[in-house]
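Data first, discussion second: the structure below is written as structure tokens.
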Amino acid sequence: MPEQRDLPPILDFDDELDRLEREADADVSDDLDELRTRLDEMAERAANGEEVGSLVSDAETDLYALRERLSGDADRQAEAILNRLEIYEDSQAERSETLSVADARFEQGGREVDFADHRGEPLTFAGTLTNAGDMGHARVRLSFYGHDDRTVRVVEVPEREVEADEKREVEVEVLVPESVEYYDVTVVDETTGS
């Protein structure tokens, strides 16, 4: 069992890699070990506030090459992982360079909970909105995705002014969709449009 990484949920696909390995007709363990190493590097870079885009692109390239050797359920699993990587890249194209949400989590009654255990229930989404740049106007977008990688629901925390170097808690009540598999958090700076 791999060690838990601090990655955006959309990039947390260890279970899918395990399933792919079980379903594959060929020995893909070395390929998947390489992908897991990339996930470790992504988590490390993200924790240091560094860009992970090049590692996401590398993981996509690896998966496209791996798909040449896969068929059936294993190929569909690899395709689903690729879809999640592409969704992540698309969401990052809009994100602010200076505004972010750290310590993103779901809570119920003040306690942190796993959203997957509370599908169809109201939860509080919470995190720390951080501004590492000039004053901006933040809009936090929480996107939920289903098993088919389609957007199930988008919840936006209204625009708010965030001073330079400010950190503040944000919370929003959300109804977790029944069919959600993972989610992504993006912060858009309405001042600059990104």
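FYI, it's all coordinate maths here, none of it is from the lab. Note that the coordinates shown come from a computational prediction; the quantities given were computed from them, not determined experimentally. Don't worry about glycine lacking a Cβ; one is built from the backbone with ideal geometry, like all the others, and counts go over all protein chains shown.
Thr128 meets all of the listed conditions (1) within 18 Å of the chain's Cα centre (by Cα); (2) part of a strand (DSSP E or B); (3) more than 17 Å from Ser100 (Cβ to Cβ) but one, namely (3). The residue that is farthest from Val155 (Cα to Cα), among those in the stretch 55-72 that are surrounded by 14 or more Cβ atoms within 10 Å (Cβ to Cβ) and in contact (Cβ under 8 Å) with a residue 24 or more places away in the chain, is Arg69. Taken over the stretch 44-101, the criterion of being of a type in the set (S, T, N, Q) and in contact with a helix residue (DSSP H, G or I) (Cβ under 6 Å, 6 or more places away or on another chain) is satisfied by Gln77 alone.
Just so you know, in the stretch 114-138 the residues that are surrounded by fewer than 18 Cβ atoms within 10 Å (Cβ to Cβ) and touching a Lys or Arg at 6+ places or on another chain (Cβ under 8 Å) include one that is farthest from Val180 (Cα to Cα), and it is His137. Taken over the stretch 4-54, residues that are farther than 25 Å from Ser143 by Cβ, part of a loop (DSSP other than H, G, I, E, B) and touching a residue at least 12 places away in the same chain (Cβ under 8 Å) amount to 4.
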